[in-house]
1. Of Gly55, Ala141, Ile71, whose Cα points farthest to the positive end of the dipole of the chain (charges on the beta-carbon: +1 Lys, Arg; -1 Asp, Glu; origin at the Cα centre)?
2. Setting aside same-chain residues fewer than 8 positions from Lys25, which aspartates and glutamates have a Cα under 16 Å from its Cα?
3. Enumerate the aspartates and glutamates that Lys140 could reach by cross-link, defined here as Cα to Cα under 17 Å, with residues fewer than 8 away along the same chain left out.
4. Relative contact order for the range 2-142: what is it in percent, counting Cα pairs under 8 Å that are at least 6 residues apart?
5. With r as the distance between the Cβ atoms of Gln19 and Glu93 and R0 = 22 Å, compute the FRET efficiency 1/(1 + (r/R0)^6) and round to 0.05.
6. Which whole-number percent of Cα pairs in the range 2-142 have a distance greater than 21 Å?
7. Tell me the label-point distance for the pair Ser49, Thr67, using the 7 Å Cα-to-Cβ offset, in nm and rounded to one decimal.
Amino acid sequence: MVSVLILNGPNLNLLGSRQPEVYGKTTLADIEGMCRAHGQNTDLEVTFSQSNHEGALIDAIHAARGTHAGIILNAGAYTHTSIALMDAIASVELPSIELHLSNVHAREEFRHTSYIAKVCIGVICGFGAQGYLLAMDAMKAHLKL
């Protein structure tokens, strides 16, 4: 099995109760369970992590090098502000996918800018929790597994 890191940023620990009209009622624990089950069906080993702290996310990205074949990152609001996360992704040289539950392009103007997309192989947004499974399938196809 090939290992993939699924990394979640700030406020995603509140999924299910935080703005369900935008992010849905599925919890992060529900999404983790979905991803683990999907990984078993698609021969992807999943490591799932969440932090509200930018430095902890950077540390997780650095630690992925030599451990995981790719990264799926829902950086939340850091997507639109963090050059440090962009640099971390670029520096580990692992294929990475930017992921969002909501369609950021249909939301506030500031959410239309992503620093992270510049160093990712692709972006998936607007499909809710299903986006995580789509990202896993896209990563598997990219890795040619």
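The numbers here are math on the coordinates, done by the rules we state, and not lab data. It should be emphasised that the depicted structure is a prediction, and the values quoted were computed from it without experimental measurement. Reconstructed Cβ throughout: ideal geometry from the backbone, glycine too, with neighbour counts over all protein chains shown.
1. Result: Ala141, furthest along the dipole toward the positive end.
2. Partners within reach: none.
3. Cross-link targets: Asp43, Glu45, Glu93, Glu98.
4. Relative CO of the range 2-142 lands at 27 percent.
5. Result of the calculation: an efficiency of 0.05.
6. Details: 3427 of 9870 pairs.
Summing the P(r) tail past 21 Å for the range 2-142 gives 35 percent.
7. So the label points at Ser49 and Thr67 sit 0.5 nm apart.
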